[in-house]
DNA sequence: TTGACAACATACCCGGTAGTATGTTCATGA
DNA sequence: TCATGAACATACTACCGGGTATGTTGTCAA
């Protein structure tokens, strides 16, 4: 049952372990990593610390587990479009739309991934945790590379126009990720509504990248 | 010496108080609010807690002080362009450029403001701190309203084109703010280099908003 | 000269939190 | 049926960090 993505092996998916990851993601998103106590996560599970420490050796490892879980899911979402034939700009449209949709649909996981990257940029705590975070950030970088290569190709093909690619990739991702900070799903909200938001964001970024004409997603 | 901005009164600027605010901003940016201890801030000052608690009644108030200080400075920066005559799109160009420049020049303060808004969205701690944060977030919202009205007018004047303004404002700000997460000033870096980065970001957003032609800032 | 206060430093308290050590229960295979 | 280990719960420790209470030093006005 072990799935392998980009050389990173996922442990066999334990039911109870997944529940812990989900509860941890909720807590980390609600209060941030350091403001979240392991007891908080346990309370949300209706359990105690014992259960959590049975699966994760430390709080940092719990966080890393959520980080990895979130990255695995988002990688899975864009997987169908990674080797898409045809113009790169068409591939980018698909990638960007799916990515933005996932930011909203898996908002909690996405924000934990975000905080993980932030923690890494700051310089984390102990060398061990540092190494684990390094690996995960590399994982995350290989994800953004998919987009980087896509827009680079699209520029070569004359469909996009921008100057520095590093600046552009950062700005693009910030815009595409933006809903993780302000989107809140309403009760009984239709998928179409979410897709409409995603279309507007992707459209914004599409024009920002120098895309011509309309987006028609 | 008390300056008043939008009805919010700034306390007389004490020298030592400013030093504390700056050191606190550095620490909050480096590790985040809850991971930063008051002793950390004191250490950075080469002092002890006593000095900090002499000026600020609590850690939350210290954070709020940095928040307000940062907002005051950024408000001051865009002040010259608030009542700018002529087409709104020209006003927006100035506003956006100055804003993005300040994001890089005052990166530490900008990130504390960012975290303050994040904390508010999550729902902060005690009712008192909640009230103080509420006021500061209103302060911050009045800032984003400047931009909101600017792009609304520019759309009316036919220079911008977008659908939902709430989504657009959020996406726009995320893109303009993006350098606070990845920009690092190199030693001996010229102002021109920073301006070049700002131009690229503003250009990206300008096109995203449906701006026509080149930006020529 | 002195006393009063600002501007800190020192020493301490105590609640919360990561982590551990030790039960307890239940399923499962021999 | 019994023993063994997984899957937790309970109880505890050690420490850190926010906040306070209490010095100490310099300055300045009367």
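All of the numbers you see were taken from the coordinates with simple rules; none came from a lab. Just so you know, these numbers come straight off a predicted model, no measurement behind them. Here the Cβ is made from the backbone with ideal geometry for all residues, glycine too, and neighbour counts use every protein chain on show.
Per-residue ellipticity at 222 nm computed for chain A from its helices equals -23000 deg cm²/dmol, with DSSP H segments shorter than 4 residues left out and the rest contributing -39,500 (n - 2.57).
Place the peptides A:109-115, B:153-159, A:93-99, B:104-110 in order of packing, highest mean first, counting for every residue the other Cβ atoms within 10 Å and averaging per peptide.
Values: A:109-115: 23.6, B:153-159: 15.6, A:93-99: 21.9, B:104-110: 19.9.
Per-residue mean Cβ counts within 10 Å order the peptides as A:109-115, A:93-99, B:104-110, B:153-159.
The angle separating the long axis of helix B:107-122 from the principal Cα axis of greatest extent in chain B is about 90 degrees. Kindly identify region B:134-217 as rounded, prolate or oblate by the Cα gyration tensor criterion: order the square roots of the eigenvalues as a ≥ b ≥ c, call it rounded if a/c is under 1.5, otherwise compare a/b with b/c, prolate if a/b is larger, else oblate. It comes out oblate by the Cα gyration axes.
For region A:74-217, the convex hull spanned by the alpha carbon atoms encloses 120 Å³ per residue.
Here region A:164-217 and region B:147-217 have alpha carbon centers that stand 15 Å from each other.
Once the Cα atoms are used to define both axes, helix B:59-78 deviates from the longest principal axis of chain B by about 30 degrees.
Mind pulling up the Rg/Rh value for the protein assembly as shown? Radius of gyration and Kirkwood radius, both on Cα. Write down the numbers at each step before the final one.
Working: Rg = 22.3 Å, Rh = 23.2 Å.
Expressed as Rg/Rh, it is 0.96.
Considering all alpha-carbon pairs of region A:14-123, what whole percent are spaced by more than 22 angstrom? When all Cα pairs of region A:14-123 are counted, 39 percent exceed 22 Å. Gain on full extension, evaluated as 0.36 nm per residue between residue B:79 and residue B:144 minus their Cα-Cα distance, stands at 22.1 nm. Based on Cα atoms of region B:103-178, Rg over Rh with Rh as the Kirkwood radius reads 1.05. Normalised by residue count, region A:74-130 yields a Cα convex hull volume of 108 Å³ per residue.
Axis angle, to the nearest 10 degrees, between helix A:191-208 and the longest C-alpha principal axis of chain A: 60 degrees. Label-point distances for residue B:80 to the equivalent site in the other copies, using a point 7 angstrom along Cα→C-beta, read 5.3 nm when ranked shortest first. Ranked from shortest, the separations from the 7 Å Cα-to-Cβ label point of residue B:118 to its equivalents in the other copies are 0.0 nm. Each other copy holds its own label point for residue A:185; taking that point as 7 Å from Cα along Cα to Cβ, the gaps run 4.3 nm, nearest first. For region B:41-96, the pair-distance distribution built from all alpha carbon pairs, in bins 5 Å wide starting at 0, is 4, 16, 16, 14, 10, 9, 8, 8, 8, 4, 1 percent.
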